[in-house]
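To keep things clear, I will list the structure first and then write my remarks on it.
The values are calculated or read from the model by the stated rules, or taken from the named source; none is laboratory data. No experiment lies behind these values; they were computed from the predicted model shown. Using ideal geometry, Cβ is built from the backbone for each residue, glycine included, and neighbour counts are taken over all protein chains shown.
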Amino acid sequence: MLLPQYKTPTAFWCHSPSICLPCTVFKLLTIFAVVMGDSVVGMVVPYLSGIIAGLGAGYSMFQVIERKPPIDSEDLQGGILSTVKGEIQLKDVHFAYPTRPKYPVFTRFSLLIKAGSTTALVGESGSGKSTVIRLIERFYDPQKGQVLLDGVDIRELQLRWLRSQIALVSQEPVLFATSIRENIKYGKEDATHEEIEKACVLANAALFIDWMPQDYDTMVGDRGIQLSGGQKQRVAIARAILKTPRILLLDEATSALDAESEHMVQEALDRMAVSQTTVVIAHRLSTIKNASLITVVQEGTIVEMGTITSPTVRI
């Protein structure tokens, strides 16, 4: 039997006299084109299944890329408030996470956070404290009820503008593999060096930055691996200060720090909280001692409210 690669040349050799006679240049070129085309098709055929599979995978990938989320951070629709006082109200909120629709976190949950105040949320893990912050940031929308900013439902506000009014400092701050300066400038991209230095002084970060080999141009590594936990927190706080938000959200911002680092970070947070509406989630008494209002949350329900000196508040 002839090998596959020799079938076309053999057929061409045997039958070309009957096809080409009388021989013309056009006929010869046609036959050569057919032979060349056949060889190309022969090379492509083994890969057709892979090409078809790739097309199917590409279609699925672009479906994901082009999917518009229910809460689109790039959507420029919605209103913008001319002035922001910073009063936040959760009003009769019913909420369950999309992945657990049968397990509601809140049922008729209501909370008023006055403008310029510091409100602490305390309670056991899973009680719904962090969910309050996620609703204020509008990472999720409640199934029923409203989240209001200065009396306006945040669903009616432009999402990008809303989040520009909010700064979040979490237990594990997000730092990028770039310099300290660039990480801080994410709070305000057009910030001057003087503004960055001022924010670092307020965040108790300037001293350790000055000791760095390249001070503000020192690279922090992936996820800030070159910095200690306290240093990362202070860089994150400096970024939040530079942003000058009307609303400051602190989600256990000092829980992973040692006593000395916590003291320095807490000083910076207390200094920053003077001019903003602040929501604090914490387990340590030292973190919430200056709060205007302490709210105890249990299984999605507010069970106690008061101040650190209130006899009714048990932490």
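General observations
- One residue stands out among those in segment 189-213 that are part of a loop (DSSP other than H, G, I, E, B) and either outside the structural domain of M272 (by TED's automatic domain parsing) or touching a residue at least 12 places away in the same chain (Cβ under 8 Å) (or both): the one that is nearest to I241 (Cα to Cα), which is A203.
- Wholly enclosed strands (runs of 3 or more DSSP E) of segment 268-311 bearing at least 1 residues under 26 Å from V235 (Cα atoms): 277-281
- Which listed residue is within 30 Å of P69 (Cβ to Cβ), buried (at least 16 other Cβ atoms within 10 Å of the Cβ) and touching a helix residue (DSSP H, G or I) at 6+ places or on another chain (Cβ under 6 Å), from A203, A167: A167
- Residues of segment 73-107 that are exposed (fewer than 13 other Cβ atoms within 10 Å of the Cβ) and among the hydroxyl-bearing types (S, T, Y): S73, S82, T83, Y97, T99, Y103.
- Restricting attention to segment 71-84, the residues that are more than 21 Å from the chain's Cα centre (by Cα) and either β-branched (V, I, T) or in the same structural domain as T244 (by TED's automatic domain parsing) (or both) add up to 3.
- Subset of segment 140-164 that is more than 16 Å from V93 (Cα to Cα) and crowded, with 20+ Cβ neighbours inside 10 Å - its residue that is nearest to the chain's Cα centre (by Cα): L162
- If only residues of segment 108-123 that are among the hydrophobic types (A, V, I, L, M, F, W, C) and surrounded by fewer than 18 Cβ atoms within 10 Å (Cβ to Cβ) are counted, the one that is modelled with the highest pLDDT is L112.
- Condition check for I241: crowded, with 16+ Cβ neighbours inside 10 Å, touching a Leu at 6+ places or on another chain (Cβ under 6 Å) and either hydrophobic (A, V, I, L, M, F, W, C) or without any contact (Cβ under 8 Å) to a residue 40 or more places away in the chain (or both): yes
- Any pair with Cβ under 9 angstrom, 6 or more apart, that starts in segment 96-112 at a residue that is touching a residue at least 40 places away in the same chain (Cβ under 8 Å) and farther than 21 Å from V296 by Cβ and ends at one that is assigned to a strand (DSSP E or B) and among the aromatic types (F, W, Y): A96/F106
- When restricted to residues that are modelled with pLDDT of 75 or more and acidic (D, E), segment 245-266 contains 2.
- Looking only at segment 152-189, residues that are closer than 28 Å to A282 by Cβ and among the small types (G, A, S) come to 4 in all.
- Test result for L242, at pLDDT 85 or above, assigned to a strand (DSSP E or B), assigned by TED's automatic domain parsing to the domain that holds S275 and within 21 Å of S275 (Cα to Cα): no
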